[in-house]
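The values are calculated or read from the model by the stated rules, or taken from the named source; none is laboratory data. Keep in mind that what you see is a predicted model, and the values were worked out from it rather than measured. For neighbour counting, all protein chains shown are included, and Cβ atoms are generated from backbone atoms with ideal geometry for every residue, glycine included.
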Amino acid sequence: MTAMLRGFLGLVLAWLMLVGLGAAAQAQDGGVLPVPALSSHVIDQASALAAPQRQALDDKLAAFEQERGTQLVVLIVPTTQPEDIAAYAQRVGDTWKIGRREVGDGLLLVVALNDRRVRIEVAKALEGAVPDLAASRIIEGAIVPAFKRGDVAAGIDAGVDQLMARVRGEDLPLPEPGGTRSPPGAGRSSRCRPRAGRRRRCPRAGWWARSARPAACRALAQRPRACRRSPGAAERSARWPDR
């Protein structure tokens, strides 16, 4: 009987230790969701995309990076709770540091499926190409309508196409022809190749912009209007209603 009691007390003690370690770990990271590992251009933790859809989107984003140098990553999660999507997306961007180190041209599209929220985050050099108003129009005009129909893949694909179109219109350094492609978030330091007939230095910009509107205005002085905010300015995130 004594041996059984000792065994039971040992199990209770081990359980209490595990609970305590879990609580300590949760307190250490503030109880927020951990940032997932950046393993590809499409991270689908909500199983929202079929395997062929995910592969096709990943191939498209990889080809775009090879063409333009800009890294665009799509992250789909069930929820961002207890954070709102803006705080979560910012934390993911700060952790992943996608885009070229010397250019600062990363783009992040975050979808919280169960929260029914979507957000676009941009790095410093792309604040002019994708200002708040443009991000809001892409979300409301391209992504949300497909999401309301229940077609997540089509919404993401349409949003990605419009983001890539805006980046193609920006005067950013192109990657070296024939250069090797680094995995997303590698922060590679490749030489910049200006467009033919133009002399341009690599923009002096960091990896990610927390609240980079003033810095973006200075870095993109040739496009100051894109950095101006007016009362009631559009946001980079939105919630889509039920169908």
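Every residue, every condition in (1) within 17 Å of LEU57 (Cβ to Cβ); (2) crowded, with 19+ Cβ neighbours inside 10 Å; (3) in contact with a Cys (Cβ under 8 Å, 6 or more places away or on another chain), yes or no:
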site: GLY128; (1), (2), (3): no, yes, yes
site: PRO131; (1), (2), (3): no, yes, yes
site: ALA142; (1), (2), (3): yes, yes, no
site: ALA146; (1), (2), (3): yes, no, no
site: ILE156; (1), (2), (3): yes, yes, no
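For segment 102-114, which residues satisfy the criterion of being crowded, with 17+ Cβ neighbours inside 10 Å and either of a type in the set (A, V, I, L, M) or at negative phi (or both)?
GLU102, VAL103, ASP105, GLY106, LEU107, LEU108, LEU109, VAL110, VAL111, ALA112, LEU113
Can we say VAL152 is touching a Gly at 6+ places or on another chain (Cβ under 8 Å), surrounded by fewer than 23 Cβ atoms within 10 Å (Cβ to Cβ) and modelled with pLDDT of 95 or more? Walk me through it before giving the result.
Numbers: touching a Gly at 6+ places or on another chain (Cβ under 8 Å): no; surrounded by fewer than 23 Cβ atoms within 10 Å (Cβ to Cβ): yes; modelled with pLDDT of 95 or more: yes.
Here the answer is no, as VAL152 does not meet what is asked.
Quick one: in segment 101-119, of everything that is out of contact with any helix residue (DSSP H, G or I) (no Cβ under 7 Å at 6 or more places or on another chain) and among the basic types (Lys, Arg), which residue is nearest to ASP242 (Cα to Cα)?
Residue satisfying both the conditions and the ranking: ARG116.
For the condition in contact with a Ser or Thr (Cβ under 8 Å, 6 or more places away or on another chain), charged (D, E, K, R) and within 27 Å of GLU170 (Cα to Cα), what is the one hit in ASP105, ASP94, ASP115?
That would be ASP105, the only listed residue that is in contact with a Ser or Thr (Cβ under 8 Å, 6 or more places away or on another chain), charged (D, E, K, R) and within 27 Å of GLU170 (Cα to Cα).
How many of the residues in segment 122-149 are part of a strand (DSSP E or B) and modelled with pLDDT of 95 or more?
Of all residues in segment 122-149, those part of a strand (DSSP E or B) come to 122.
Those left that are additionally modelled with pLDDT of 95 or more: none.
Summing the residues that are part of a strand (DSSP E or B) and modelled with pLDDT of 95 or more in segment 122-149 gives 0.
What about ALA86, is it in a helix (DSSP H, G or I), closer than 14 Å to LEU163 by Cα and among the hydrophobic types (A, V, I, L, M, F, W, C)?
For ALA86, the condition - in a helix (DSSP H, G or I), closer than 14 Å to LEU163 by Cα and among the hydrophobic types (A, V, I, L, M, F, W, C) - is not met.
So which of LEU16, LEU11, LEU61, LEU21 ends up being in contact with a Leu (Cβ under 9 Å, 6 or more places away or on another chain), assigned to a helix (DSSP H, G or I) and either at pLDDT below 95 or buried (at least 17 other Cβ atoms within 10 Å of the Cβ) (or both)?
LEU61
Just to be sure before I move on: is ALA134 small (Gly, Ala, Ser) and either closer than 20 Å to HIS41 by Cα or under 13 Å from the mean Cα position of the chain (by Cα) (or both) in the structure I sent?
So ALA134 does not fit the description; no.
Being β-branched (Val, Ile, Thr), under 25 Å from TRP240 (Cβ atoms) and at pLDDT 95 or above, is that true of even one residue in segment 92-100?
For segment 92-100, residues β-branched (Val, Ile, Thr), under 25 Å from TRP240 (Cβ atoms) and at pLDDT 95 or above: present.
Within segment 150-176, count every residue that is assigned to a helix (DSSP H, G or I), closer than 25 Å to LEU113 by Cβ and in contact with a Lys or Arg (Cβ under 9 Å, 6 or more places away or on another chain).
Here the count works out to 7.
Okay, residues lined up against (1) among the aliphatic types (A, V, I, L, M); (2) over 14 Å from LEU33 (Cβ atoms); (3) within 12 Å of the chain's Cα centre (by Cα):
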position: ALA62; (1), (2), (3): yes, yes, no
position: GLN66; (1), (2), (3): no, yes, no
position: GLY69; (1), (2), (3): no, yes, no
position: VAL77; (1), (2), (3): yes, no, yes
position: ASP84; (1), (2), (3): no, no, no
position: GLN90; (1), (2), (3): no, no, yes
position: GLU102; (1), (2), (3): no, yes, no
position: VAL110; (1), (2), (3): yes, no, yes
